Amino acid sequence: MRLTTRPARIAATAAVFGVVLAGCSSEAGNQAAQESDNAPEVAEDVEFEAGTTMAEIADAGSITIGTKFDQPGFGLLNPSGVPEGFDVEIGKIIAAKLGLDEGQIEFVETVSANRESFIQNGQVDLVIATYTINDTRKELVDFAGPYYEAGQDIMVASGNPEGIEGPDDLAGKNVCSVEGSTPAQNIRDNYPEATLTLFDVYSKCADALTNGQVDAVTTDNVILTGLVAGNPDGFELVGNPFTEEPYGIGLQLGDSDFRDFVNDVLEESFDDGSWADAWDSTAGQITGEPAPEPPSVDRY
């Protein structure tokens, strides 16, 4: 059941970004001017069973979606203060099937550490925020998807002065990640000889690598690719993924009707090409790669 508490809109000025992200937005994520052209077709005369989350959202005429504001290609607040990226586009596809256009979506910033609490407290209807599905999180929230599969990798300073080629080389190194993320937990659990420095957002990790505070940054490869694209003279990707990270869409625990609906929308987007179009216009602009094969939805 969808809670009715609605958050205040987060102003663009509330997000703090480094120069690296601003540069990447202007170079690779500048899709805002094309939003109306790329917008998914909005379903008309939608009807849902009374009492379902779908019916409540459609009747309210708005949906609140949590996403990242500092991750080029997936969720980034552009210079105009408009969220853009693959996760944002997936949110638009789901909203359109609820009969809502872009103007009826409220995107709010969710960082790795607060995604579960935002869902549990009813501050958002969905979280689409490079959100890895795992068993621990499934005890707190439900997931639709996955809609993309990433892998944990490592970003280093240009020229790789520390000679880091994989996670085993992190022993004795100062490694940055984000609190509440699966990559950070993976380092804690499996590479304890590394010294872990944690921030709330990856832009701060990028800054720490630039100023020599840390030796490396680790998170999902697509996130790191965006950071490298924003500062190609300063960073490079090791390019040796060592985990599988299935990205899911978080929602209230036990809301199986809403989860089934979102899964249906995802599978339809895989088949009709809208998922691939969303990738090509956002993350694909950074990676330089066409849309991969979409993953299989896990209807657990």
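Computed from the coordinates by the stated procedures, all read-outs in this text should not be read as laboratory data. Note that the structure is predicted; figures quoted are calculated from it, not measured. Quick reminder, even Gly has a Cβ in these numbers, built from the backbone with ideal geometry, and neighbours come from all protein chains shown.
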**Message:** Can you bin every Cα-Cα distance in the chain into 20 Å intervals starting at zero and give me the percent of pairs per bin, rounded to whole numbers?
**Reply:** 36, 57, 7, 0
**Item:** Dipole moment magnitude, nearest 20 debye, the chain about Cα centre, only Lys, Arg, Asp, Glu C-beta charged
**Value:** 1100 debye
**Asked** Once you have the alpha carbon radius of gyration of segment 152-237, what is it after dividing by 2.2 N^0.38 Å, with N set to its residue count?
**Response** 0.94
**Request:** Could you let me know the centre-to-centre spacing of segment 44-73 and segment 122-174, using Cα atoms, in angstrom?
**Result:** 26 Å
**Message:** Below 8 Å, C-alpha to C-alpha, sequence gap of six or more: please give me the relative contact order for the chain in percent.
**Reply:** 26 percent
**Prompt:** Mind checking which of Pro146, Pro167, Pro72 has the largest fluctuation in a GNM of the chain, springs on alpha carbons under 10 Å?
**Reply:** Pro167
**Request:** Would you grab the residues whose amide H sits under 5 Å from the one on Tyr148? Only those 5+ places off in sequence or on another chain, please, with H modelled 1.01 Å from N.
**Result:** Tyr247
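When DSSP assigns beta bridges and you keep just the ones with both residues in the chain, what percent turn out antiparallel, to the nearest 5? All intermediate terms of the calculation are to be shown ahead of the outcome.
Working: 21 of 35 bridges.
Roughly 60 percent of the DSSP beta bridges within the chain come out antiparallel.
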**Request:** Sorted from largest down, give the three principal axis spans of the alpha carbons of segment 169-300, whole angstrom values.
**Result:** 46, 34, 23
**Prompt:** Straight-line reach from Lys173: which lysines have a Cα under 18 Å away, not including same-chain ones fewer than 8 places off?
**Reply:** Lys204
**Prompt:** Karplus couplings for segment 209-217 from phi (6.51 cos²θ - 1.76 cosθ + 1.60, θ = phi - 60°), rounded to Hz, Gly and Pro as x?
**Reply:** 5, 4, 8, x, 5, 10, 9, 7, 10
**Message:** I want to verify a result. In a Gaussian network model of the chain, Cα cutoff 10 Å, which of these has the top mean-square fluctuation: Arg115, Arg259, Arg188?
**Reply:** Arg188
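Beta carbons within 10 angstrom, averaged per residue: use that to sort the peptides 55-68, 87-100, highest first.
87-100, 55-68
Tell me the relative contact order for segment 181-255 as a rounded percent, counting alpha carbon contacts under 8 Å between residues six or more apart.
Details: 32 pairs, mean separation 15.1, N = 75.
Across segment 181-255, relative contact order equals 20 percent.
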